[in-house]
Amino acid sequence: MSNRQIALGLTAAYWIVAVVAAMVAPRGGWIDLRWPIAIYFFAIPTTVLLWIVAMGVHVIRPALPPSRFALIGIALPLIYATLGVGAGRLLSEWRGQHLEDQLRVASIAEFDDEPLRGDSGPIGVRLRYSAVYPRGLDLDEGHGAFAQLGTSASRNTFLIWRRAVTPRVSGHFQPGTYEITEDFVPAFLPRATVYAISQPTAADRCFRWSPDMSREQVADGNPEPLAVAIYLAHIPIQRPTKHVYRLADFYAAAAREGAIDCGK
C-alpha cells in the first residue's frame with residue numbers, strides 16, 4: 001500500500017471520527033455547536049495537516065516506509081488535539097489575566113443623579129457617571145460598568161429601565177472615558193408605566209406590590225439618599241445619591257398617569 005493510499009484511508013478515518021463524535025457528544029446549549037467544532041476544528045485541520053505531511057514526505061523522504069507514515073498519520077490528530085487544548089487553555093488564562101489587569105486600573109471619575117421625570121412628575125432616578133478604562137476593556141457594552149439602585153433597606157427597590165453609553169462601544173471598550181447614563185424606576189410601578197404599553201389592559205395599570213415593598217412602606221417612607229452600587233469589577237463601589245428621594249412621590253406621579261391599586 002502506498003503512502004497516498006494510506007493518506008486517503010486516514011482522511012476517511014478522521015472524518016468518520018469527527019462525525020461519530022458530533023453524534024454522540026451531548027448538546028451544550030440551545031445553539032448546537034457539535035458539528036461546527038467537529039468539522040471546522042478537527043476534521044478539516046487534521047486533513048490539511050495530513051496532506052501537508054504527505055506532500056513533504058513525498059518530496060523530502062520518498063522512501064519512507066508506509067508503516068512509519070501510517071504511524072505519523074495516527075499520531076497527528078492526537079498531537080493536534082493535545083496542542084490545541086493546551087494552547088486554548090493558555091490563551092484563556094492570558095485573556096483572564098489581561099481582563100483582570102484592565103479592571104484593576106479602571107475607575108469612576110464623575111457621578112451625579114437627578115429625578116427622572118414623566119408627564120406627571122418624577123417616576124424614577126437618572127444616574128450619570130464616567131467609567132475610565134486606561135487600558136480599555138475586552139468586553140462588549142452589555143458587560144461593562146453598570147449600577148444598582150435601591151433604598152437603604154433593599155437593592156431590589158429599583159429596576160433598570162434604560163441605559164446609554166457614550167461614545168458608542170463597538171465590540172469592546174477602547175482605552176478612554178465613557179459617559180454612562182442609566183434610568184431606574186421603582187419596581188412597584190405598573191407595566192404600562194415602565195414599558196410604555198400602547199394599549200394597556202387593566203392588569204398592566206396595576207401597581208406591583210410585594211412583601212418586600214408594600215403600599216404602606218412606600219406611603220410612610222421619608223425622603224432619603226438612595227444607595228448606589230457601581231460595578232466596575234467584582235466588588236461594587238458603594239455611594240449614596242447626591243439628592244434625596246421619596247418613594248411616595250414616584251407613586252403619586254404614576255397614579256396621576258393612570259396607575260391604580262388593584263388590590264383595594
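Residues satisfying the criterion are absent from segment 140-163 (criterion: of a type outside the set (D, E, K, R), surrounded by 13 or more Cβ atoms within 10 Å (Cβ to Cβ) and over 30 Å from PHE250 (Cα atoms)). Can you say whether TRP94 is among the aromatic types (Phe, Trp, Tyr) and part of a helix (DSSP H, G or I), as far as the supplied structure shows? Yes; evaluated as a whole, the condition is true for this residue. Please count how many residues of segment 132-162 are out of contact with any Pro (no Cβ under 9 Å at 6 or more places or on another chain) and either free of Cβ contacts under 8 Å to residues at least 12 places away in the same chain or part of a loop (DSSP other than H, G, I, E, B) (or both). Selection size over segment 132-162: 10. If the condition is being touching a Ser or Thr at 6+ places or on another chain (Cβ under 8 Å), open to solvent by 40 Å² or more (accessible area, probe 1.4 Å) and farther than 30 Å from LEU137 by Cβ, then segment 74-126 contributes only TYR80.
Residue pairs whose Cβ atoms lie under 8 Å apart, separated by 6 or more positions or on different chains, with the first residue in segment 202-213 and under 16 Å from LEU247 (Cα atoms) and charged (D, E, K, R) and the second open to solvent by 80 Å² or more (accessible area, probe 1.4 Å) and not in a loop (DSSP other than H, G, I, E, B), are ARG208/ARG191; ASP212/ASN156. SER214 fulfils the conditions (1) open to solvent by 40 Å² or more (accessible area, probe 1.4 Å); (2) at pLDDT 85 or above; (3) hydroxyl-bearing (Ser, Thr, Tyr); (4) over 28 Å from the mean Cα position of the chain (by Cα) except for a single criterion, (1).
Total residues in segment 234-264 satisfying the condition of being open to solvent by less than 40 Å² (accessible area, probe 1.4 Å) and not in a helix (DSSP H, G or I): the figure is 6. You will find that of VAL228, VAL194, the residue that is touching a strand residue (DSSP E or B) at 6+ places or on another chain (Cβ under 9 Å), of a type in the set (A, V, I, L, M, F, W, C) and at pLDDT below 90 is VAL194 and no other.
The values are calculated or read from the model by the stated rules, or taken from the named source; none is laboratory data. Only a predicted model underlies this, so the values are computations on that prediction, with no experimental measurement involved. Note: ideal-geometry Cβ built from the backbone for every residue, glycine included; neighbour counts use all protein chains shown. We work out accessible area using only protein heavy atoms, side chains counted, and drop any ligands, DNA or RNA first. Shrake-Rupley method; radii C 1.70, N 1.55, O 1.52, S 1.80 Å.
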